[in-house]
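**Student:** Here it is, the structure, as structure tokens.
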Amino acid sequence: MNLLESFKMAASMLAANKLRTSLTMLGMIIGNASVIATIGIGQGAQKLAEEQLNALGPTVIFIVPGTRTARRATFNLPRTLVLEDAKAITSLVPGIKAVAPEINQRQLISYRSQNTNVSLIGTTPKYPSVRNFPVATGRFFNEIDVQRNKRVAVIGSAIADRFFVASSPIGEKIRAKNISFEIIGVMEKKGSFFGTNLDETVLIPLTTMANQIVGRTSPYGLELTWINAEAQDVDSVRAAKFQIENLLRLRHKITNEDDFGVETAKQMLDIVGNIATGLTAMLTVIAGISLVVGGIGVMNIMLVSVSERTSEIGLRKALGATQGDILGQFLIEAVIISLSGGMIGIITGVSLITLVGIFSPLSSGISSSAIIISLVVSGGIGLGFGVLPAQRAAKLDPIVALRSS
């Protein structure tokens, strides 16, 4: 019997038991869909993080407060950075082009009868250039606004879309903590950055934030949430990071663990990439267990099939079928089940990734290599788990098989 005849016979036998074949394929479908969806979502998450960090630019440096232990343990970081630190970095670190200190706090803002909870940011005029976050309409506040504690605000695009659907927000007044702020500008759309939607932010002068919103509580100066800095160029980033660390250690009189952290966009990108790769690998292994379970299901059903078709095997052997013919047919049946389940699972997985891409910021898509590997693994599992039933069928004695029927 040639390969084509074996394939036709295997297909006809599977078609004769549609329900059993479908249920056997279910394990392979779930396994492949899980693997494809896991890899696709993992790649999408990593790509999203890379896009967000690349949007900052390769020269951005973040100076964050608190020891490394404190930063790992809580989001409520101690305020160990002050405005004088930012001024010192500006004047004493030659590798730094610009600095934008920041005080960040969640506040309820209102416009007429509407209100929403936003991230209220007090900062300086250098913020748009340092964070690569330009103004779309109107203007950003200037040094005079900062010096005079002006009650002016620049709002994110999402707030403008929510409060000012049919009118321009420029010149309108919003309220935060019972203080009225005049809107002088709207930022461009930026999206989320590590869980913070930058389009739902309100930016006000740093002095206004300190004196009228949060107050001054530290005897060492104006406490900052963190400091944003921009290096002169890509080649200056490492040197600037080293200089900032040394400067702050001297200013804070540090002898043991640093009470601050200096992170570059590249470092953050590497950390995110490592985390995403590790999680994707772990989840892929877990999803791969489903494929093994599906393979065991294939082997179980094929063993049952051998028991049910004992008389057929005996008759075919009596008419001249070789052990190779019987072995080939049962192996082909196992591979057809696995590959068919694999293809349906891949289609299901790709559909899930597409839906995730539509309803979330994750980019949809899966590499062709992952699809090919998944399909090959499915066929390999079918072949591997189909060997035992096929061998059992091939080794049946025709006389014993016919007598047992």
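The values are calculated or read from the model by the stated rules, or taken from the named source; none is laboratory data. Just so it is clear, the structure is predicted and the values come from calculations on it, not from any experiment. Note that we place each Cβ from the backbone using ideal geometry, even for glycine, and neighbour counts take in every protein chain shown. Heavy atoms of the whole protein, side chains included, go into the accessibility calculation; ligands, DNA and RNA do not. Shrake-Rupley method; radii C 1.70, N 1.55, O 1.52, S 1.80 Å.
**Student:** Output the number of the condition that G379 fails; it satisfies all remaining conditions of (1) at pLDDT below 75; (2) farther than 30 Å from L48 by Cα; (3) open to solvent by less than 50 Å² (accessible area, probe 1.4 Å).
**Tutor:** Checking G379 against (1) at pLDDT below 75; (2) farther than 30 Å from L48 by Cα; (3) open to solvent by less than 50 Å² (accessible area, probe 1.4 Å), the one that fails is (1).
**Student:** With the requirement that a residue be at pLDDT 90 or above, farther than 13 Å from E102 by Cβ and part of a strand (DSSP E or B), what does the stretch 177-201 give you?
**Tutor:** Across the stretch 177-201, the qualifying residues are I179, S180, F181, E182, I183, I184, G185, V186, M187.
**Student:** For a quick check of your reading of the model, give me the residue pairs whose first member lies in the stretch 253-274 and is aromatic (F, W, Y), whose second is surrounded by 15 or more Cβ atoms within 10 Å (Cβ to Cβ) and not in a loop (DSSP other than H, G, I, E, B), with beta-carbon atoms closer than 8 Å and at least 6 apart or on different chains.
**Tutor:** Final answer for the pair search is F260/I63; F260/V64; F260/P65; F260/L248.
**Student:** Filter the stretch 217-260 down to the residues that are open to solvent by less than 40 Å² (accessible area, probe 1.4 Å), among the hydroxyl-bearing types (S, T, Y) and either in a strand (DSSP E or B) or within 17 Å of L81 (Cα to Cα) (or both) and list them by number.
**Tutor:** If the condition is that a residue be open to solvent by less than 40 Å² (accessible area, probe 1.4 Å), among the hydroxyl-bearing types (S, T, Y) and either in a strand (DSSP E or B) or within 17 Å of L81 (Cα to Cα) (or both), then S218, T225 are the ones that fit.
**Student:** With the checklist (1) open to solvent by 50 Å² or more (accessible area, probe 1.4 Å); (2) part of a helix (DSSP H, G or I) in hand, flag the one item G273 doesn't pass.
**Tutor:** Failed condition: (1).
**Student:** So, one more: Any residue that is at pLDDT below 80 and hydrophobic (A, V, I, L, M, F, W, C) - is there at least one of those in the stretch 16-29?
**Tutor:** yes
**Student:** Determine whether the stretch 194-201 contains at least one residue that is over 30 Å from the mean Cα position of the chain (by Cα) and among the acidic types (D, E).
**Tutor:** No; the residues of the stretch 194-201 include none that is over 30 Å from the mean Cα position of the chain (by Cα) and among the acidic types (D, E).
**Student:** Moving on to the next point. Can you tell me which residue among T207, T196 is in contact with a helix residue (DSSP H, G or I) (Cβ under 6 Å, 6 or more places away or on another chain), open to solvent by 20 Å² or more (accessible area, probe 1.4 Å) and β-branched (V, I, T)?
**Tutor:** Testing whether each residue is in contact with a helix residue (DSSP H, G or I) (Cβ under 6 Å, 6 or more places away or on another chain), open to solvent by 20 Å² or more (accessible area, probe 1.4 Å) and β-branched (V, I, T) leaves just T207.
**Student:** In the stretch 301-324, is there at least one residue being closer than 15 Å to G31 by Cβ, in contact (Cβ under 8 Å) with a residue 24 or more places away in the chain and either open to solvent by 60 Å² or more (accessible area, probe 1.4 Å) or out of contact with any Gly (no Cβ under 8 Å at 6 or more places or on another chain) (or both)?
**Tutor:** No; the residues of the stretch 301-324 include none that is closer than 15 Å to G31 by Cβ, in contact (Cβ under 8 Å) with a residue 24 or more places away in the chain and either open to solvent by 60 Å² or more (accessible area, probe 1.4 Å) or out of contact with any Gly (no Cβ under 8 Å at 6 or more places or on another chain) (or both).
**Student:** Also: Give the stretch 96-130 a look and list any residue that's open to solvent by less than 10 Å² (accessible area, probe 1.4 Å), over 14 Å from A153 (Cα atoms) and within 27 Å of the chain's Cα centre (by Cα), or say none.
**Tutor:** E102, V130, listed by residue number.
**Student:** Taking the stretch 325-361, which residues are in contact (Cβ under 8 Å) with a residue 60 or more places away in the chain, more than 17 Å from V35 (Cβ to Cβ), of a type outside the set (F, W, Y) and out of contact with any strand residue (DSSP E or B) (no Cβ under 7 Å at 6 or more places or on another chain)?
**Tutor:** Listed by number, the residues that qualify are D325, I326, L327, G328, Q329, I332, E333, I336, I337, G357.
**Student:** What is the residue count in the stretch 46-88 for residues that are open to solvent by less than 60 Å² (accessible area, probe 1.4 Å), more than 24 Å from F242 (Cβ to Cβ) and modelled with pLDDT of 75 or more?
**Tutor:** Summing the residues that are open to solvent by less than 60 Å² (accessible area, probe 1.4 Å), more than 24 Å from F242 (Cβ to Cβ) and modelled with pLDDT of 75 or more in the stretch 46-88 gives 0.
**Student:** Name every residue in the stretch 22-45 that is in contact with a helix residue (DSSP H, G or I) (Cβ under 6 Å, 6 or more places away or on another chain) and open to solvent by less than 20 Å² (accessible area, probe 1.4 Å), in order of residue number.
**Tutor:** Result: T24, M28, G31, N32, A33, V35, I36, A37, G40, G42.
**Student:** If you check V293, V298, which single one turns out to be within 16 Å of G31 (Cβ to Cβ) and open to solvent by less than 30 Å² (accessible area, probe 1.4 Å)?
**Tutor:** Every option except V298 fails the conditions.
**Student:** Which pairs do you get when a residue that is free of Cβ contacts under 8 Å to residues at least 40 places away in the same chain and assigned to a loop (DSSP other than H, G, I, E, B), found in the stretch 154-176, comes within reach of a residue that is open to solvent by less than 70 Å² (accessible area, probe 1.4 Å) and hydrophobic (A, V, I, L, M, F, W, C), reach meaning Cβ atoms under 7 angstrom, with the pair 6+ apart or on two chains?
**Tutor:** If the second residue must be open to solvent by less than 70 Å² (accessible area, probe 1.4 Å) and hydrophobic (A, V, I, L, M, F, W, C), the pairs left are P169/I155; P169/A160; P169/F163; P169/I183; P169/V186; I170/I183; I170/I184; G171/I183.
**Student:** Filter the stretch 107-152 down to residues that are in a strand (DSSP E or B), in contact with a Pro (Cβ under 9 Å, 6 or more places away or on another chain) and aliphatic (A, V, I, L, M), then give me how many there are.
**Tutor:** Summing the residues that are in a strand (DSSP E or B), in contact with a Pro (Cβ under 9 Å, 6 or more places away or on another chain) and aliphatic (A, V, I, L, M) in the stretch 107-152 gives 2.
**Student:** Could you please give the count of residues in the stretch 276-285 that are free of Cβ contacts under 8 Å to residues at least 60 places away in the same chain and open to solvent by 60 Å² or more (accessible area, probe 1.4 Å)?
**Tutor:** Selection size over the stretch 276-285: 2.
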